[in-house]
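The values are calculated or read from the model by the stated rules, or taken from the named source; none is laboratory data. Note that the structure is a prediction, hence the values are computed from the model and not measured. Every residue, glycine as well, gets a Cβ built from its backbone with ideal geometry; the counts of neighbours run over all protein chains shown. Keep in mind that these areas ignore ligands, DNA and RNA; they rest on the heavy atoms of the full protein, side chains included. Shrake-Rupley method; radii C 1.70, N 1.55, O 1.52, S 1.80 Å.
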4 protein chains.
Amino acid sequence: MSFNTFGHLFRVTTWGESHGPALGATVDGCPPGIAIDEAMIQHWLDRRKPGQSKFTTQRREPDAVQILSGVFEGRTTGTTIQLMIENTDQRSKDYSEIAQKFRPGHADITYHQKYGLRDYRGGGRSSARETAARVAAGGLARAALAALVPDLRITGYMVQMGPHGIDRGRFDWDEIERNPFWTPDPQAAEDWAAYLDGLRKSGDSVGAVIEVTARGCPPGLGAPIYAKLDTDLAAAAMSINAVKGVEIGDGMASAALTGTANADEITMGPDGPDYGSNHAGGILGGISTGQDIVMRFAVKPTSSILTPRRTITMDGEETDIVTKGRHDPCVGIRAVPVGEAMMACVILDHLLLDRGQTGGVRGAIG
Amino acid sequence: MSFNTFGHLFRVTTWGESHGPALGATVDGCPPGIAIDEAMIQHWLDRRKPGQSKFTTQRREPDAVQILSGVFEGRTTGTTIQLMIENTDQRSKDYSEIAQKFRPGHADITYHQKYGLRDYRGGGRSSARETAARVAAGGLARAALAALVPDLRITGYMVQMGPHGIDRGRFDWDEIERNPFWTPDPQAAEDWAAYLDGLRKSGDSVGAVIEVTARGCPPGLGAPIYAKLDTDLAAAAMSINAVKGVEIGDGMASAALTGTANADEITMGPDGPDYGSNHAGGILGGISTGQDIVMRFAVKPTSSILTPRRTITMDGEETDIVTKGRHDPCVGIRAVPVGEAMMACVILDHLLLDRGQTGGVRGAIG
Amino acid sequence: MSFNTFGHLFRVTTWGESHGPALGATVDGCPPGIAIDEAMIQHWLDRRKPGQSKFTTQRREPDAVQILSGVFEGRTTGTTIQLMIENTDQRSKDYSEIAQKFRPGHADITYHQKYGLRDYRGGGRSSARETAARVAAGGLARAALAALVPDLRITGYMVQMGPHGIDRGRFDWDEIERNPFWTPDPQAAEDWAAYLDGLRKSGDSVGAVIEVTARGCPPGLGAPIYAKLDTDLAAAAMSINAVKGVEIGDGMASAALTGTANADEITMGPDGPDYGSNHAGGILGGISTGQDIVMRFAVKPTSSILTPRRTITMDGEETDIVTKGRHDPCVGIRAVPVGEAMMACVILDHLLLDRGQTGGVRGAIG
Amino acid sequence: MSFNTFGHLFRVTTWGESHGPALGATVDGCPPGIAIDEAMIQHWLDRRKPGQSKFTTQRREPDAVQILSGVFEGRTTGTTIQLMIENTDQRSKDYSEIAQKFRPGHADITYHQKYGLRDYRGGGRSSARETAARVAAGGLARAALAALVPDLRITGYMVQMGPHGIDRGRFDWDEIERNPFWTPDPQAAEDWAAYLDGLRKSGDSVGAVIEVTARGCPPGLGAPIYAKLDTDLAAAAMSINAVKGVEIGDGMASAALTGTANADEITMGPDGPDYGSNHAGGILGGISTGQDIVMRFAVKPTSSILTPRRTITMDGEETDIVTKGRHDPCVGIRAVPVGEAMMACVILDHLLLDRGQTGGVRGAIG
């Protein structure tokens, strides 16, 4: 990864500020011949769009994507693809009064220290709006994956809101698209609605844990040691605004297990190796096993809350700050499509990287 | 990161297998003029060396590092530095009988599937011995950091062994070097000794959580969005063998917090901004704040245990496997110096990256 | 360099096809705090614009650049800068009849073979219009260089048109901006005008040699061995459409010299080392000496000519092709601003790379 | 390219100084399963070895290569391959008296200015000995190419020594291995022997032009715009010590041609497209056509000559310098295997890059 680009072969560079004229993703290295149009990408952006439900931010952006290059007669040409989304509903006046103050928990102070200046409107480049560009790139990656790995399904969902987890015994894949939290536990969907209502009214916020699973990923993806699949997934997730932790498989809980409990034993199935369990989260030695790839990341609560917080001004004077305007009581909800998009980009990238180095031929077993 | 290289400007490529003639680190982009010699690097390798205590693996390697290039008359020249460590105690015969089987929880099966072949001796390239090369590179990074950021202190320590954590109320920095677990809690040092003795005799293993802290890191390091400091730290940690989770600051626990509880408020101190707390782990928007950088990672239990596990052979036949020979009942212990080394390499890399893009001039406050 | 990106720290990714809605440059890693606006970049684009003189192509594009991100209140923020130029005058109908044929000397056949499809309108991505994006990026680089190295002057000029060279004895820097060929030899400007008139009428084309000089470049830029300054300049020049040769200093003629004739002897001047000659072109061992950096590149004649050429169709049938529509009888003229832009981007990139690795401190002499 | 690494997927990092203990190449991204051993690589090094004929340097180095990693049971594993060559015949005393002076035409002064120090023995890192590492990496690349593209033949040869060219009418491929200059013109071999004898006695030196041809390269290699095949070849050649110019196909002479003369017309042959000529040098739009790839580069005369030259000391005092010891009267001769090695590495790299992005499927014609 470098500054504003991620990926090795399928390389995505995002650009754009919260209150600039537009934002987007410059995608280089997409395989040629992939069928793609704006509607296919728009589909994924619409899932992320603000104003979707009463629980997410009230900013109304159509997030309409335009494909400005790299596609001809409905197919990718193999050249750079420019995806642009124009900003239409910025409401600058919400931020002007706090141009001189650093919002605690945000990147205001660090951007100022590093760069000497910052676009203070809506968080500028550090705003979560940047993730719209990732979702667009993810839509493109999904189109390529659909052609190259038709059985692959990438699904993101919330497994925890604030301190409230889900009951995996009630896990229902079909429930995910039926509730505004993208949670697979119908009971949690109910409980969280009430919980979040309370937070929205009190002006506070809460964090979340998002899990993204890739089912049907072929074995052999990942390039040890420093471009391992889990390394790139961890980086991808950690690069999302407000993320503070990343897990693969059993994650942090792996530490508490014994070797006997942790090992995923191997048997032989009709189509190849079978694993009795998946503590590893589908990745061994940094390479996919063919099992479900399971990644989780924790999103901290948004620091833009209606309670006054102590801070300083750019002149070094102590003051209070209250962030008015539009906020997400739980930014984690909108991180679900973003996590999926990152998973898609990383898996596609590794598919290309693998076939580049090895030609895609797998070592036979049996 | 790419295949076997990590870093943007301070670029480290590791090479070498567990049972090959040697292993090492090719380091490119080191600042010139840094005072360095083999003893300075050897210091850090000795902390990691196998055979150190009765709790770690019994393989006896001197891990003697040689500097083959890039240093002249005791100073780095700015050209490629080759650090080589010869393997001397491989005991090949320990592994020959399992050349045909895939050890569960190890990379054997995925390396075979991806590459079509694998060096099965001791895990080959996927072995934890690769981390000796990282520690060597980390020693070089520390020498550069000592010259560029004299107040920086990077310290790693264990905060959890299996299910047993530490009591942060008893946290003592000086305790870390006094016990074989590098834990800052003297009581935990005692408890863990007994616990691990039991595991070693039963032939089982356990995981661990390691925390690495960088005190005195200047603000402004990190290159948003995709080369954020926490992104690169997460990737660095996740690239270590057997790591399954990474956290910055409050990590996964951030999800359970409310915005009110999570925000690190800012006041003005004599030397600049002061933070009342450090939930963020020293990083905001991907850039260091000047606070302690706090990273944690979870190491899963080693899968090389003396209990028979079900697996398959390369021919697809089901069988059992018992890993004889030398093992770590808790590989996490030896990951402490590795975590420190990665932190050192990443921080140096970002110091260079920052002064490259911005010239190192900071935005003034006050 | 990778696919559509060049540069190490100052990284430029270009996008856009000749007949797409727009084209542009995504610039990452620009130093923050640089004063920049659209007019400053437009200045350089206007020098390149088609329809400028009767000798260049008659396509009328305003080439109006928009800055879509990365600049706030007139200064670069250090985040991704998106420069976009909308295409307005494509005249699609000029190309539709040759969609099935491969134009000899163009990339039509190789793009088809590599990607399986191609945007045939005006050469698609392989069109020279891509260079407008480079000139925009070069304008941004020049702004940064003006702030960081105020004495630097980058000047490009034609030294040969077809078989006709210049007389260096008549070299006048001020003549360059006074004639439509950007040549420093006023007599050549006259001779070439007549020569090119003849070619334009006959429907043929001719090549050119462009030289770009950087005066006032500080010593120490360049990162041996594989990111040498001349290595990156050669790559930058060779990446320009239709370029077939690159030279530094005496270039290919160096081969014919003896060591006695070739060596640039060194004496001591009031400000530092002085060189009696500049056969080296300002670069020794891949690093700038402080002398004028001199680079030359040869542009082959455009293959879009009005004389019928033998070729094949996509179905493999032999046929003739005549390229109607708008053409450059000498594309080399318009490569002058492009060469300058590339020189600017590479020098800025190396300035940042050098201060990243070394902090910019120079070894003292005297 | 970055500092000391070149390549995108097949990535080579060289290390080592002229008078250090060893030098080598760290190769990452080699395809797995390639049959390779030390003898196969040694073959190519022996062609480059000093002391080969009376015309090249008298330093006697066995240049014995060792494979330290990445190969198991005679096949590449897909992990990092370390190739090391120990230096045995350094004769330090030849250089000690000139440690304080900067040799004109060498990198001494620029390395000092950039890094603040330099390994002055034999040119340190800037020495041509670094090219031994490239030749080793090239030997590895050739082994992979032999498996992946069996019909590919890469051949380098001298086409000019000093001012004396060859007669292409006498071009004989088999002559190349029969004379000490690797020239395909038997008459030139005779003439040059006499010419060089004279230079060697007078203590002067001369430059050369080397041409490298790749026959049997498949179409479709190259990644426009900035990783074009010719871009990477130009960079590869320009990175070789003492190179000052690079050409593809007709090179600088392209400028003097008209479009009518320059275009390579296309007809249909039994196996696919046929080209009537090859002015393009096998590359169109940066992508290989399937024709012979033809690259030429000019090597300047060595600046280490026995005639006194004016220079300065590190203290800024004017002085004379005479380079005693061992010298190449024509370094160009030894650049032939180096040019071949770079061609091999670049072509392999692009083969992998192409199959990574496109899967290697070609657009059909006919």
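Each peptide in B:223-235, A:148-160, C:5-17, B:77-89 receives the mean, over its residues, of other Cβ atoms within 10 Å, and ordering these scores from highest gives B:223-235, C:5-17, B:77-89, A:148-160. A viscosity of 1.567 mPa s and a temperature of 4 °C, combined with the Kirkwood radius over Cα pairs in Stokes-Einstein, give a translational diffusion coefficient for the stretch B:206-318 of 79 µm²/s.
Chain D and chain C together bury an accessible surface of about 8900 square angstrom, both sides counted, with a 1.4 Å probe and no ligands or nucleic acids included. Per residue, the solvent-accessible area of chain C (1.4 Å probe, heavy atoms of protein chains only, all protein chains present) comes to 29 Å².
If you plug the beta carbon distance of residue D:177 and residue D:315 into 1/(1 + (r/R0)^6) with R0 = 51 Å, you get a FRET efficiency near 0.55.
What's the local net charge at residue A:363, with K and R +1, D and E -1, over the other residues with C-beta under 10 Å away? It works out to a net charge of +3.
Considered as an equivalent ellipsoid built on the Cα gyration tensor, the stretch D:102-203 has semi-axes of 32, 25, 10 Å, the largest given first.
Each copy carries a label point for residue B:186 at 7 Å from Cα toward Cβ; from one copy, the others' points are 5.8, 9.0, 9.1 nm away, ordered from shortest.
Given R₀ = 30 Å, FRET efficiency for residue B:187-residue B:277 by Cβ-Cβ distance, to 0.05? With a Förster radius of 30 Å, E is 0.70.
Pairs exceeding 26 Å between alpha-carbon atoms, taken from B:228/D:228; D:300/D:324; C:201/D:244; A:101/A:300: B:228/D:228; C:201/D:244. Calculated mean residue ellipticity at 222 nm for chain D: -8500 deg cm²/dmol, from DSSP H runs with n ≥ 4 weighted as -39500 (n - 2.57), summed, divided by the residue count and rounded to 500. Shielding by partners for peptide A:204-210, expressed as the average number of C-beta atoms from other protein chains within 10 Å of each residue's C-beta, is 5.
With the gyration tensor restricted to C-alpha atoms of the stretch C:241-292, the semi-axes of the equivalent ellipsoid amount to 24, 15, 7 Å, longest first. When C:73, D:265, D:340 are compared by accessible area of protein heavy atoms, the largest-first order is C:73, D:265, D:340, using a 1.4 Å probe. Here residue D:46 yields copy-to-copy label distances, from shortest upward, of 4.5, 6.7, 7.0 nm, the label point defined as 7 Å from Cα along Cα to C-beta. Karplus-derived 3J(HN,Hα) values for the stretch A:309-323, using 6.51 cos²θ - 1.76 cosθ + 1.60 with θ = phi - 60°, are 10, 7, 7, 10, 9, 5, 8, x, 8, 6, 7, 10, 9, 10, 8 Hz; glycine and proline are entered as x. Inter-copy label distances at residue A:269, using a point 7 Å along Cα-to-Cβ, come to 5.0, 5.4, 7.4 nm with the shortest given first.
In this structure the amide hydrogen of residue D:225, modeled in the peptide plane, comes within under 5 Å of the amide hydrogens of C:4, none closer than 5 places in sequence on its chain. Among D:256, D:214, D:107, the largest mean-square fluctuation in a Gaussian network model of chain D (Cα springs under 10 Å) belongs to D:256.
Over chain A, what relative contact order in percent results from Cα pairs under 8 Å that are six or more residues apart? Contact order relative to length: 21 percent. Per-residue Cβ counts within 10 Å, from other chains only, averaged over D:131-137: what number is that? Mean shielding by partner chains, rounded to a whole number: 1. Partner shielding of D:63-75 amounts to 4, given as the average count of beta-carbon atoms from other chains within 10 Å of each residue beta-carbon. The Cα center of the stretch B:108-158 and the Cα center of the stretch A:297-355 differ in position by 31 Å.
For chain D, the mean projected area of the C-alpha convex hull, equal to one quarter of the hull surface, is 19.6 nm².
Among residues of chain B, the one whose beta-carbon sits closest to the B-to-D rotation axis is listed with its distance in Å as B:26, 2.
Within 14 Å, Cβ to Cβ, of residue B:248, how many net charges do the neighbouring residues add up to if Lys/Arg are +1 and Asp/Glu are -1? Net of charged neighbours comes to -4.
Only protein atoms count toward the accessible area here, which uses a 1.4 Å probe; on the protein assembly as shown, the carbon and sulfur part of that area reaches 49 percent. Note on the stretch D:102-151: Rg/Rh from Cα positions, Kirkwood definition for Rh, rounded to two decimals, is 1.28. In sequence order, the stretch A:260-275 has phi-based couplings of 5, 6, 7, 5, 8, 5, 10, 10, 10, x, x, 9, x, x, 10, 10 Hz under the Karplus curve 6.51 cos²θ - 1.76 cosθ + 1.60, θ = phi - 60°, and Gly or Pro positions carry x.
Note on the stretch B:149-288: Cα convex hull, mean projected area over all directions, 10.6 nm². Just so you know, the Rg over Rh for the protein assembly as shown is 0.96, from Cα atoms, with Rh as the Kirkwood radius.
Shown here are the Rg and Dmax of the Cα trace of the stretch B:250-366, at 22.5, 71 Å.
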